[in-house]
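Structure first, then comments.
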Ligand code: HPA
Ligand code: ZN
């Protein structure tokens, strides 16, 4: 691994961009760029509360998670037809390919759409068509994870699961997103138990704004396989030990954390502590159209602000992303071999 010696900043950034990587925490509705929001609004005859792309983008100044979610759900209101879901995901895959993402697991929020009268089939078929096309035309492996909105009830989550079951083969797992505070994981204990019985993978957002207790309960009550965000684990040494011992992956989203004011600045980010503790941390973009960048922008912003992160950490983060994925072991091994070649060249 010759590149794991000290590199100057341009060489390190080039390596961060060139290395193959997996993205495990991307809300596909959060990849809707303002230009596409306006194009879809025009196509579908939807009236937006903003006059221009620039005015919409100017509204992207968030003080916390909720202030973002309000505008994120408004942006998703332009998605009505199967082609809209396809076009949104396809635009993401083109950006992912440019960042050398070779595997992506996409979150989607069906309740945001079914509440507006859009059919579950429209959402899932549009996204799946883009995933199939990404594999065929871009060589990107992609799968879908259905998220329940935690500000809604567990009964609503059960109804959503029921509506999605005819398409069971088209998504690999379920997650839990939206407003974290006041909506702890245990609110969804029964629906997650049902999802596990169905053989679905299970993940949950926890410890983004919520306390370490939410991470404990995501692990012990929901029995999740990965924690999305999870950065607040550093407040609880016993929890860090547990995450390390069980090698529970954390899908960390650096630009999101700064945009949503989890950290005042990137130099305060917990990533160096997470890696030093031996956790299986990964880098992801969360909602790249809203937070200022896709995968490589996240890596570069993180490494620029934290000079203690170098080529060794870049390798670890990319390797973790493959290990933490739900892709078959043979695919993971192939991607790790490509990563090794990238670092030995
Ligand atoms: N946190 C919680 N819910 C979300 C997010 C997030 O960062 N993005 C989209 N839904
Ligand atoms: Zn998220």
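The values are calculated or read from the model by the stated rules, or taken from the named source; none is laboratory data. None of these values were measured; they are calculated from a predicted model. Glycine gets a Cβ as well: all are built from the backbone with ideal geometry, and neighbour counts include every protein chain shown.
Note on the stretch 251-275: among residues that are within 12 Å of ligand 2 (Cβ to nearest atom) and not in a helix (DSSP H, G or I), the one that is surrounded by the most Cβ atoms within 10 Å (Cβ to Cβ) is 252.
Does residue 175 satisfy being under 28 Å from residue 221 (Cα atoms) and within 20 Å of the chain's Cα centre (by Cα)? Spelling it out, residue 175 is indeed under 28 Å from residue 221 (Cα atoms) and within 20 Å of the chain's Cα centre (by Cα).
Go through 39, 91, 74, 55 for me and flag whichever is buried (at least 18 other Cβ atoms within 10 Å of the Cβ) and in a helix (DSSP H, G or I).
Working: 39 fails: buried (at least 18 other Cβ atoms within 10 Å of the Cβ); 74 fails: buried (at least 18 other Cβ atoms within 10 Å of the Cβ); 55 fails: buried (at least 18 other Cβ atoms within 10 Å of the Cβ).
On inspection, the qualifying residue turns out to be 91.
Residues that are over 16 Å from residue 145 (Cβ atoms) and either more than 16 Å from ligand 2 (Cβ to nearest atom) or in contact with a helix residue (DSSP H, G or I) (Cβ under 6 Å, 6 or more places away or on another chain) (or both) within the stretch 195-213 comprise 197, 207, 209, 211, 212, 213, listed in sequence order.
Once the stretch 276-294 is narrowed to residues that are assigned to a helix (DSSP H, G or I) and touching a helix residue (DSSP H, G or I) at 6+ places or on another chain (Cβ under 7 Å), the residue that is farthest from ligand 2 (Cβ to nearest atom) is 289. Could you please find all residues in the stretch 309-326 being surrounded by fewer than 21 Cβ atoms within 10 Å (Cβ to Cβ) and part of a loop (DSSP other than H, G, I, E, B)? Those that are surrounded by fewer than 21 Cβ atoms within 10 Å (Cβ to Cβ) and part of a loop (DSSP other than H, G, I, E, B): 310, 326. The set of residues from the stretch 166-182 being farther than 20 Å from residue 105 by Cβ and more than 14 Å from ligand 2 (Cβ to nearest atom) comprises 166, 181, 182.
Just one of (1) under 26 Å from residue 205 (Cα atoms); (2) surrounded by fewer than 23 Cβ atoms within 10 Å (Cβ to Cβ); (3) out of contact with any helix residue (DSSP H, G or I) (no Cβ under 8 Å at 6 or more places or on another chain) fails for residue 25. It is (2). Does residue 41 qualify as being more than 19 Å from the chain's Cα centre (by Cα), at pLDDT 95 or above, closer than 30 Å to residue 331 by Cα and more than 16 Å from ligand 1 (Cβ to nearest atom)? Answer is no for this residue.
Look through 206, 189 and report the one residue that is over 24 Å from residue 73 (Cα atoms) and either surrounded by fewer than 20 Cβ atoms within 10 Å (Cβ to Cβ) or modelled with pLDDT of 95 or more (or both). Write out each step before concluding.
Values: 206 fails: over 24 Å from residue 73 (Cα atoms).
Every option except 189 fails the conditions.
Just one of the numbered conditions (1) away from ligand 2 (no atom under 12 Å from the Cβ); (2) within 19 Å of residue 286 (Cβ to Cβ); (3) out of contact with any helix residue (DSSP H, G or I) (no Cβ under 8 Å at 6 or more places or on another chain) is not true of residue 245: (2). Cβ-Cβ contacts under 6 Å between residues 6 or more apart (or on different chains), taken from a first residue in the stretch 15-40 that is on the phi < 0 side of the Ramachandran plot to a second residue that is away from ligand 2 (no atom under 16 Å from the Cβ) and part of a strand (DSSP E or B), are listed as 20/102; 21/101; 22/103; 23/101. If only residues of the stretch 58-71 that are in a helix (DSSP H, G or I) and touching a helix residue (DSSP H, G or I) at 6+ places or on another chain (Cβ under 8 Å) are counted, the one that is surrounded by the fewest Cβ atoms within 10 Å (Cβ to Cβ) is 71. The residue pairs whose first member lies in the stretch 123-146 and is closer than 16 Å to residue 99 by Cα, whose second member is assigned to a loop (DSSP other than H, G, I, E, B), and whose beta carbons are closer than 7 Å, counting only pairs six or more residues apart or on different chains, are 134/140; 141/327.
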